[in-house]
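Undergrad: Submitted below is the structure of interest, expressed as structure tokens.
Computed from the coordinates by the stated procedures, all read-outs in this text should not be read as laboratory data. All values reported here derive from a predicted model rather than from experimental measurement. Here Cβ is always computed from backbone atoms with ideal geometry, including for glycine, and neighbour counts include all displayed protein chains.
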Amino acid sequence: MQELINRVAQNVGIDASIAEPAIGAILKMLIQALPDVIAGMLKGALPDADSVIAKADEAGSGAGGALGGLGSIVGGALGSLTGGSGGGQLMELLGQLQGMGLDTNQSKAVGGEVLGFIKENAPAEVTQAIQDKVPAVSELL
């Protein structure tokens with residue numbers, strides 16, 4: 001995971017101490033959206049994913065605040081408009097990332113780096129499942 005943390009920090013221009021929990025928040029959202037078998041494949045391709053997700057949980061406990069709540073409200077409305085195709089999850093995630101100090105462009109860039117890393121390192125079934133279960137991320141793949 002350190003390779004991914006370094007990659008995100010360098011390519012997005014953020015500190016590794018912010019990159020790590022941001023990556024964890026994205027992985028957590030993806031793992032929750034995927035079927036258990038595919039989530040297991042994703043975790044298998046990304047050793048130490050659980051520890052990075054734990055960093056996101058630590059950061060989120062104090063950082064999400066009002067933005068996280070607003071993301072949930074807007075995301076819920078967006079999810080209902082899109083038939084629940086991941087819009088709500090993405091808006092909630094955006095709120096968490098903003099709570100960590102990332103702006104929208106940085107959040108999108110972190111997501112693109114994480115998804116690119118997944119595409120490079122995980123089985124093709126994982127990437128396909130992400131596109132199927134969270135179609136709103138397809139533009140980043």
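Undergrad: By per-residue mean of other Cβ atoms within 10 Å, what is the highest-first order of 12-19, 120-127?
TA: Values: 12-19: 16.5, 120-127: 14.6.
The most tightly packed comes first, giving 12-19, 120-127.
Undergrad: Taking 35 Å as R0, compute the FRET efficiency from the Cβ-Cβ separation of T104 and V37 and round it to 0.05.
TA: Working: r = 33 Å, r/R0 = 0.93.
Plugging the Cβ-Cβ distance into 1/(1 + (r/R0)^6) gives 0.60.
Undergrad: Still on this structure, I have one more. Could you work out how much longer the chain between A124 and A45 gets when fully extended? Use 0.36 nm per residue separation minus the Cα distance between them, nm to one decimal.
TA: Numbers: separation 79, 0.36 × 79 = 28.44 nm, distance 1.12 nm.
Result: 27.3 nm gained on full extension.
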